Each structure stands twice: as C-alpha cells, then as structure tokens.
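Data block below; observations after.
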Amino acid sequence: MKEKKFISVVVYLHNAGDSIRTFLETVISLCKARFEEFEIVCVNDASTDATVEELKEYLAQNPAGAMVNVIHMSFYQGLEAAMNAGRDIAIGDFVYEFDTTEVDYEPELMMEVYEKLLAGNDIVAARSNGSVRLTSKLFYALYNRTSYAKGKIGPETFRLISRRAINRIKSMGQYIPYRKAVYNNCGLNMATVTYESTGKCGKKKKAAAAERTGLAMDSFIYFTNALERVSAVISGLFLLLTVGMGIWLVADFFNADKPVEGWLSTMGFLALGFFGVFVLLTIILKYLSVLLNLVFKQQRYLISDIEKVVNPNEH
C-alpha cells in the first residue's frame, strides 16, 4: 500500500552536475514505490555547470511520473535563501529538504524519517554518524550551550517537515535566516534519525567561508544569548579590576612606597569607565535581542523564473 500523503521534495542545486542523476534516481525511485503523489522542487542557485541540463536529460530518459519544478534564483544567494524559496513553492503535506544532492545513505532512510514523523513529530532530521569538521563542532557546541531553545542542533543530511511546522515557522517571521535554528525554536516536536554513511558519495561541497561565517554570526545574534554573555563576562572582569584598583588605592594610603603620582586614580577611572561601557553594551544587546524577536526581517530572496519540466513521453 502506497502512502496517501502528498510529498514535496525540495533540493538545493549549485554546480551539482556530477551528482544530480544519482540523487534523482534514488529519490524518484523511492517516491514512485512508496507514495501515491509527489512533486520535486529543484532550486537552481545560479549554477555555472551543466546541472540543469543534466537534470532535464535524466528526466527525458526516465519519466518522473510527477511534476518537477525548477526555481531559478536571480543570482547566487546561498543555501538558506534558496531553500526558503523552494519551501515556499512546495505544496505537499510533508516536505523533504535536501541541502545537497550527494547520496551517502540507503533510499529506505527516507521512509525511516517519514515513519518517525508519523510517530508524533513535526520535524525529523537524518544525521550521519560520520566525522564532523572541527569548526562545525565548535559552532554547534557554543550554539547549543547559549541557545534559547531546549533542543540541540547538529549536522544534518536532509530533513522532513510537516505542513503544520511550515505554517508555524511562517507565523514566526517572513524571513528565516537559519532553518535549523528556526525549526529548533518553533516549539514543535523534533527528532533525529542517525545512520551509517555508505561512503558512496564524493567529498561534500563546502559553502563559501564568508557565507558560513555570516550565517554563524547571524545565528548567534538571532537565536542565542552568546553576545550578551560575552559582554557580561567582560563587564564582570572590569568590575573586578575596578574593585582591585579601589582596594589598592586604599592600601596606598598606608604604604610607605608611593607609586607614580596619579597612576592609581587614572587606572581606577579607566577600569570604572570600561566597566560602565560594557554594562551599557550588555543592556543594548539585550534590547536588540528582544527587538529581533518581535520584528523579524522581511523575506529576502529573488527568483528570476519557475520552470516546469514536463517530459514529452508523459503526455
């Protein structure tokens, strides 16, 4: 018996010409076998190779039996903005989000994630047990330690989200800067399915360093109190320095060896001044975090056109 839920598969494409065929073969075969209705939404983020041509050629030779839409971004806008566009176009009851076309898992993993969602979750992610870059480990450790949400985020290969989750996160704000963090903060049940990598895919493409750094900084500002904590710690250090200077100044009156005239008072003034500056900065950061929670940024991506890929053999 095939599942009756309408499934949307949203996949990010940027210079994925070497892996798009394997991905389509894996996903389409499973969707045909296990779901009555499905669609595929491909988000072409300004690919400069033959990604789109490879996609069309594969579909011409292997009819998908479903509608395939290709969203062409106006220019390169990065993973998060592109996937926001794809998710907004998707119409399925449940939406698979594939951030990459690299396949290092068995097709049935998609069904494991699906069944986990039906068991009472609204967002289910698939995560490999493979190694994680040191920088990613540090980011996830710091983020999870300072995040407002109870759950934790980590590296994910793909995820499945329900229509209720999509409606919830849209109600939270039109612009979603980092999907993992928004899903983690939406208040709905989340789960993770781990798997052993098959090692069939090549080395995963890394996002540009500037893009990863910018995304990390935005995430800390939007979803954690990391900057507030840093500012509070620095304020505490300057407070200790101010107290120390005060104690030293009092002790100086009873000390036979006098320091350079005005040195203690100058240092005490500077320590007190820096303490005040960082206290003020902590307060400002707190107010900014509240404002960001109340007023989210507007939706931020540009689409040039949406192309419906229909196989002539399917008419």
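The values are calculated or read from the model by the stated rules, or taken from the named source; none is laboratory data. A quick note: this is a predicted structure, and the numbers were derived from the prediction, not measured. As a convention, Cβ positions derive from the backbone with ideal geometry for all residues, glycine included, and neighbour counts pool all protein chains shown.
Quick notes on this structure:
- Subset of the stretch 121-136 (residues that are under 16 Å from ARG159 (Cβ atoms) and part of a loop (DSSP other than H, G, I, E, B)): ASN121, ASP122
- Of all residues in the stretch 1-58 being among the acidic types (Asp, Glu) and farther than 24 Å from TYR76 by Cβ, the one that is surrounded by the most Cβ atoms within 10 Å (Cβ to Cβ): GLU39
- Test result for ASN144, part of a loop (DSSP other than H, G, I, E, B) and farther than 24 Å from GLY17 by Cα: no
- Residue within the stretch 50-60 that is in the same structural domain as GLU106 (by TED's automatic domain parsing), under 25 Å from LEU118 (Cα atoms) and in contact with a helix residue (DSSP H, G or I) (Cβ under 8 Å, 6 or more places away or on another chain) present: no
- Among the criteria (1) among the aliphatic types (A, V, I, L, M); (2) out of contact with any Gly (no Cβ under 9 Å at 6 or more places or on another chain); (3) surrounded by 14 or more Cβ atoms within 10 Å (Cβ to Cβ); (4) at pLDDT 75 or above, the one ALA226 does not fulfil is (4).
- Matching residues, the stretch 78-93, being out of contact with any Lys or Arg (no Cβ under 6 Å at 6 or more places or on another chain) and among the acidic types (Asp, Glu): GLU80, ASP88
Matching residues to (1) surrounded by fewer than 16 Cβ atoms within 10 Å (Cβ to Cβ); (2) in contact with a helix residue (DSSP H, G or I) (Cβ under 7 Å, 6 or more places away or on another chain); (3) farther than 19 Å from VAL43 by Cα:
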| site | (1), (2), (3) |
| --- | --- |
| LEU79 | no, no, no |
| ARG87 | no, yes, no |
| ILE123 | no, yes, yes |
| GLY130 | yes, no, yes |
| SER147 | no, yes, yes |
| THR157 | no, no, no |
| ILE166 | no, yes, no |
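- Residue count for the stretch 147-173, restricted to those that are outside any helix (DSSP H, G or I), closer than 26 Å to TYR105 by Cβ and touching a residue at least 60 places away in the same chain (Cβ under 8 Å): 5
- When GLU39, GLU102, GLU53 are checked against the criterion of being among the acidic types (Asp, Glu), in contact (Cβ under 8 Å) with a residue 12 or more places away in the chain and within 26 Å of ASN129 (Cβ to Cβ), GLU102 stands alone in meeting it.
- Search result, residues across the stretch 143-158 that are among the small types (Gly, Ala, Ser) and closer than 22 Å to ASN129 by Cβ: GLY151, GLY154
- Scanning the stretch 129-154 for residues that are touching a strand residue (DSSP E or B) at 6+ places or on another chain (Cβ under 6 Å) and either at pLDDT 90 or above or closer than 19 Å to GLY199 by Cα (or both) yields one hit, ASN129.
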